[in-house]
Every structure is written in structure tokens, then in C-alpha cells.
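Asker: Below is one structure. I have some questions about it.
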Amino acid sequence: PRLANQIAAGEVVERPASVVKEVLENSLDAGATKLDIDVDNGGIKRIRVRDNGCGIGKDDLPLALSRHATSKIYDLDDLEAVATLGFRGEALASISSVARLALTSNTQASGQGWQACAEGRDMETEVAPAAHPQGTTVEVRDLFFNTPARRKFLRTEKTEFNRIDDVVKRISLSRFDVGVTLNHNQRAIYNMRAADSQAERERRVAQVCGPAFMQNALHIDIERAGLRLWGWVALPAFSRSQADLQYFYVNGRSIRDKLVTHAVRQAYQDILYHGRHPAFVLYLELDPAVVDVNVHPTKHEVRFRDGRLVHDFLFRSLHHALADVKP
Ligand code: ADP
Ligand code: MG
């Protein structure tokens, strides 16, 4: 397609949830241990993320917002392409090209806060003093205000919020050591402190997956031949009509993978009614050298060097854990 080369050069912002994901990942990259997320109207009107990470120095603020000269894409409404490509390291520039963005930050070294704003493609960023504690606040308002075609593609505020909620849930379960709050239209959705103990971790899982999940969950922690699988699997009684409570992490990164799904399903096979889906929060840890989690930046796929070994380990571990509760 004609647009392919242009798209490959950069800019992709799909929806409010993709903004939240990129911004939160930046915060985690900056070493934040606290993420405060406020969104209004499904994130379409406003997304604000405040972190306590390392911050961005005054001189680096405009740089953080600037795009590479090669990615001047001015009429990109190819939604198919948007759905399949990632940000390629230009998240903030991409976001600011389709929204009103304010970046406020304070580093330990500067001892004072600074703010840079960008709006649409007018990339003139001025840096002005602004009060801010150490860390960074990214505020994104009026997403797609200058790209009506993309705005039209957005779903209802409720649907867009649910996608944001999903992103926040996935990140919350990937980092128990990070405190997370989420407000939607000024209403508190989550307020989760950093969880150190097992009890605190289980409280977080209950907040994210619901108390009924936790009440019906088996805690597992199995290690064999350099592979470790830990987390919580719901008993068959808590199976779902949708595959909506399935969290799987490989070395801390959220993934959705056919091999994993297949192994889990097989373990449940003879104890789950037809059409029901298992619910789980699982963490697989293995030598990073035998897994490639960067197969695609946005698709959350992985490639195991020995897929069969991993499949067998997952199946056996879960089957064994579930065997005891088989009716
Ligand atoms: P990338 O994350 O791929 O480098 P981004 O556009 O997402 O690209 O971010 C640009 C830069 O801005 C980052 O490399 C980082 O230096 C800085 N940055 C963005 N968000 C934060 C944050 N919350 N805290 C500290 N630095 C940040
Ligand atoms: Mg980034």
C-alpha cells in the first residue's frame, strides 16, 4: 500500500488506552514506584499520569516531545495500519501530534519544576517554570481534536475507559512493587499501595480480578529445570463465559500467546464445561536467553527457544495443581 512506508517511519496512536500504555511504560522506565492516573470521558477528553520517577531535566523536555525528521506523516487515517504497528520509540511526539500535551517534570538535579506544552503539529515547545515534585506529569487533552477521521473511530466513552482499565490492570499485576491509583471522571476506581507481602499481593489480585476470583483461586508456585510458574489459577467453579480474566506474564511482561493459551486450556480440558474459559494470573520465569519477548512491540507475542518444553511444563504444572480439585 502507498502509505506503508510513511507509517513504518513512525506515528501511531490508536486510542486513549494506547496513550495510557505508552505513558505508563515511560513512567516505569523512569523508575517510578507510584503511578497516579486520572482520566475523563474515557480518556478522550483528558488523560493525566503523574509519576515519582527520575524526572526530565529542563533542557530535555523539548527533546522528549520532538519527533524525528523522518516521520513527517500528516494525513494518516489508515486505521488498519494503525492497528498493527507500534510507536517505535516516538510515543510522546506521536501523541502530541494528535492531542494537546503538557509535560511537567522535576529532577533531583534541577530542584525546580518545568513544563513544556505541545499541541497538534505545531511543534513549537516553550519551556516555562512550573511547580512539580520530583517526577513527571503527562497530561493529554482532546485526543484526535485535529484528526476527525480518527476521532470518529473511537467507541463510546465507556468502551474506551474499559480498554484503559485493562491496560492499568495488566500493568498493576506486572508490578506489585508499584503503587497505582486510577480515577475516572473524578471517581476512584483503584487505590493500590505497593504490595510487599503475599497477603498484600493477594489483595491487589482481588482488586483487579474481583474478590470472587481470589476466593476460588489456587495459589501455585512450581519450579523445575530452570522454569518457574507461580500465581493464581481459578478453580473450575469460577470459569468464565469470556476469556477476560487471563493474565500471563513472561519474565514480568504481559503476553498473549497461542502456545500458553493452549497449554492452560489443555490442563483444564476435562474439568471445564464446554464454552467456559479458565481464569488465571500467572507468572512464568525463565532464563531470558531462551525467550524472545520482542517479536512484535505491540502484539505481546513471545517466541520460546524450546516451545515444547515450556508447553509441557505449563500443562503438567497446572494439571497437577488442578488434579487435586477435580470433581
Ligand atoms: P521512548 O520511550 O521510546 O524513548 P517516548 O516518546 O515514549 O520514547 O519518550 C521520549 C523520552 O522522554 C524518553 O526516552 C524519556 O527520556 C523521556 N520520558 C518520557 N516520559 C518520561 C517519564 N515519565 N519520566 C522520565 N522521562 C520520561
Ligand atoms: Mg516510550
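Asker: So which aspartates and glutamates can K152 reach, going by Cα to Cα under 20 Å and dropping same-chain residues fewer than 8 places off?
Answerer: Hits, sequence-local ones excluded: E11, E14, D40, D75, D77, D78, E80, E119, D142, E160.
Asker: Obtain the nm distance between the two label points defined at Q108 and D287 by a simple spin-label model: each point lies 7 Å from its Cα along the Cα-to-C-beta direction.
Answerer: With each label point 7 Å from Cα toward Cβ, the separation is 3.6 nm.
Asker: Quick one: Kirkwood hydrodynamic radius for the chain, alpha-carbon pairs, angstrom, one decimal?
Answerer: Details: mean 1/r = 0.0470 Å⁻¹.
In the chain this quantity evaluates to 21.3 Å.
Asker: To continue, here is another question. Taking the radius of gyration and the Kirkwood hydrodynamic radius from Cα positions alone, what is the Rg/Rh ratio for segment 210-323, to two decimal places? Could the numbers behind the result be given before it?
Answerer: Numbers: Rg = 13.5 Å, Rh = 14.3 Å.
That ratio is 0.95, to two decimals.
Asker: Another question, then. Calculated from DSSP H runs of 4 or more alone, at -39500 (n - 2.57) each and per residue, what is the 222 nm mean residue ellipticity of the chain, nearest 500?
Answerer: Rounded to the nearest 500, it is -9500 deg cm²/dmol.
Asker: Ok, one more. Label points 7 Å out from Cα along the Cβ direction at E200 and Q269: separation in nm?
Answerer: 4.2 nm
Asker: Give, rounded to the nearest 20 debye, the magnitude of the charge dipole that segment 178-227 has about its Cα centre when Lys and Arg contribute +1 at Cβ and Asp and Glu contribute -1 at Cβ. Mind showing how you got there, number by number?
Answerer: Numbers: 6 positive and 5 negative charges, 46 e Å.
Rounded to the nearest 20 debye, it is 220 debye.
Asker: Label-point separation (nm) for E223 and R316, each offset 7 Å from Cα along Cα-to-Cβ?
Answerer: If labels sit at E223 and R316, their model points lie 1.7 nm apart.
Asker: Shifting gears a bit: Rounded, prolate or oblate: pick one for segment 124-188, where a ≥ b ≥ c are the square roots of the eigenvalues of its C-alpha gyration tensor, a/c under 1.5 means rounded, and failing that, prolate if a/b is larger than b/c, else oblate.
Answerer: oblate
Asker: Using amide H atoms built 1.01 Å from N in the peptide plane, name the residues 5+ places from Q246, or on other chains, whose amide H lies under 5 Å from its own.
Answerer: Under 5 Å from the amide H of Q246 lie the amide H atoms of F280, each far enough along the sequence or on another chain.
Asker: Can you give the local net charge around A32? Use residues other than it whose beta-carbon is closer than 15 angstrom to its beta-carbon, Lys and Arg +1, Asp and Glu -1.
Answerer: Numbers: positive: K21, K34, R48, R50, R175, R193; negative: E22, E25, D29, D36, D51, D177.
For residues surrounding A32, the net value is 0.
Asker: What full-extension length gain, to one decimal in nm, is calculated for N146 and R193 as 0.36 nm per residue of separation minus the Cα-Cα distance?
Answerer: On the way: separation 47, 0.36 × 47 = 16.92 nm, distance 3.75 nm.
Length gained, N146 through R193: 13.2 nm.
Asker: Can you tell me the length gained on complete extension of the stretch V127 to T33, counting 0.36 nm per residue apart and subtracting the Cα distance?
Answerer: On the way: separation 94, 0.36 × 94 = 33.84 nm, distance 2.62 nm.
Taking V127 through T33 to full extension adds about 31.2 nm, to one decimal.
Asker: Along the Cα-to-C-beta direction of D306, a point sits 7 Å from the Cα; which residues of segment 222-259 have their amide N less than 11 Å from that point?
Answerer: 225-227
Read-outs: derived from the displayed coordinates by stated rules, not from any lab. Note that the structure is a prediction, hence the values are computed from the model and not measured. Quick reminder, even Gly has a Cβ in these numbers, built from the backbone with ideal geometry, and neighbours come from all protein chains shown.
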